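What follows is calculated from the coordinates using simple rules that are stated; it is not laboratory data. The structure presented is a predicted model; accordingly, all values stated were derived computationally and were not measured. Reconstructed Cβ throughout: ideal geometry from the backbone, glycine too, with neighbour counts over all protein chains shown.
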Amino acid sequence: MPNFILAIDTSCDDTSASVVSGRSVFSNVVASQTELHKKFGGVFPTVAKQAHRENIEPVIALALKRAGITASEVAAVAVTQGPGLAPALEVGIEHAKKIAVANHVPLIPINHVEGHVLSVLAKPKPKLGGTRHMLRNHTTDSEVKLPALSVIVSGGHTEFILVRKVGEYERIGWTVDDAAGEALDKFGRMVDLGYPAGPLVEQFAKQGNCSAFRFPLPMTTTDNYLMSFSGLKTAARKKVEELTATAPLKTQQIYDLCASFQYSVFHAITYKLNKYLSSLKSKSLELQLFGVWLGGGVAANVTLRRMLRETIKPYGLELRVPYSKKLCSDNGAMIGVAAFGKFDHQEFKSVDDIGDVERIPRWEIGKAH
Ligand code: KG4
Ligand code: ZN
């Protein structure tokens, strides 16, 4: 029997559960709360908590059913411990503990950002015939070429993370204010695209000219890999106000604004990425990267992927992305994939010790808490 891990993520506004074995994803169920939060133009924590409470049991039941197993067959339960919205995290942790206790299996607390980082290692479940007879079906850590640089771009995070080993991380750069996805969502509100605007900005940008409007490139004078997106947002607001002073925006202007703003957000990322890669090269540091990994909700964006590929190509690096776009936005499978390494190394809370697993709303990857 393969070791099945039931993994749960309730860090923000998606209720998700997944069954993985090794790094193979047997099911990945996500109940989105987007419709509920639309009227607030963002995630409203108490509404999220209530929706998680309603969704969690059916989502877990469906994840088990789709994987063709029962709760008594899981070898461990993994759950996002943080970072995320405190009331939302609480629901997942509470249910994960319940299932672990009821089935006498360990609990594996996972950092949500580590889940995004390792989402690129997830694999589709093996074809028929493999499931029940498969003792082991996973990529071992020695098969993953490391170190790699992980670029996480989501609604809550925009970070460069050096992956020395699976489980050993160093934050190289991050945003000092808004996350890139958050900036796209806020911009979308300015031009009435609804929430979350990221995917629509991508669609509209395809019909626009990314050079139509110029927004400033932030943080060019700082000698580090920090990023900032709030200045871009202010510049976009001014531009929209200027354009709408006399008449409503024309459709083509919205397309051009989307293309230009999206380009500027992504350029702010690739600029700092290039700065980091060139510093590694020029200082001929001991560090040799074997690849760049991309994760997070905005990682679904094709323009971001292209711009990153163009940036890293001169350094002989390739971009690794999750095998499906569903693995980019918040999901339980990435939590399961991150848990697998810990399960193998017995880094978990045995059923007698799970009482002290509490939510950690602010938890930097690579740091103890
Ligand atoms: O990873 P995620 O689901 O949640 C967080 O952990 O934040 O990311 C959600 C973010 C939102 O800001 C959404 O607008 C953005 O990802 N997003 C996109 C695309 N799909 C989702 N942004 C740009 N292009 C997309 N295709
Ligand atoms: Zn996330």
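Brief remarks on what is shown
- Peptides 302-311, 82-91, 219-228 ordered by average Cβ neighbours within 10 Å, highest first: 82-91, 302-311, 219-228
- The angle between the Cα long axis of helix 332-344 and the main principal axis of the chain comes to about 50°, on a 0 to 90 degree scale.
- Taken about its Cα centre, the chain carries a charge dipole of roughly 1040 debye when the Cβ of each Lys and Arg holds +1 and the Cβ of each Asp and Glu holds -1.
- Look at where the Cα atoms of the range 257-271 and of the range 287-348 average out, and the two centres are 20 Å apart.
- Crossing angle, helix 230-244 versus the chain [Cα axis fit, 0-90 degrees, rounded to tens]: 50 degrees
- Structural descriptor for the range 148-320: relative contact order 28 percent, calculated from alpha carbon pairs under 8 angstrom and at least 6 residues apart.
- With the helix formula -39500 (n - 2.57) applied to DSSP H stretches of n ≥ 4, the chain reaches a computed 222 nm mean residue ellipticity of -12500 deg cm²/dmol.
- Relative to the Cα centre, the charge distribution of the range 148-320, modelled as +1 at Lys and Arg Cβ and -1 at Asp and Glu Cβ, gives a dipole magnitude of about 340 debye.
- Relative contact order computed over the chain (Cα-Cα under 8 Å; 6+ residues apart), in percent: 26 percent
- Calculated SAXS-style log₁₀ I(q)/I(0) at q = 0.17 Å⁻¹ - the range 148-320, Debye, Cα scatterers: -1.00
- Proximal charge balance of Ile365 [Cβ under 10 Å; K/R count +1, D/E count -1]: -2
- Where only alpha carbons of the chain are counted, the Rg and the Dmax (Å): 20.9, 69
- Förster radius 30 Å - calculated FRET efficiency between Arg309 and Thr246 (Cβ-Cβ, nearest 0.05): 0.15
- Tilt relative to the chain, helix 86-103 - C-alpha long axis, 0 to 90 degrees, to 10: 20 degrees
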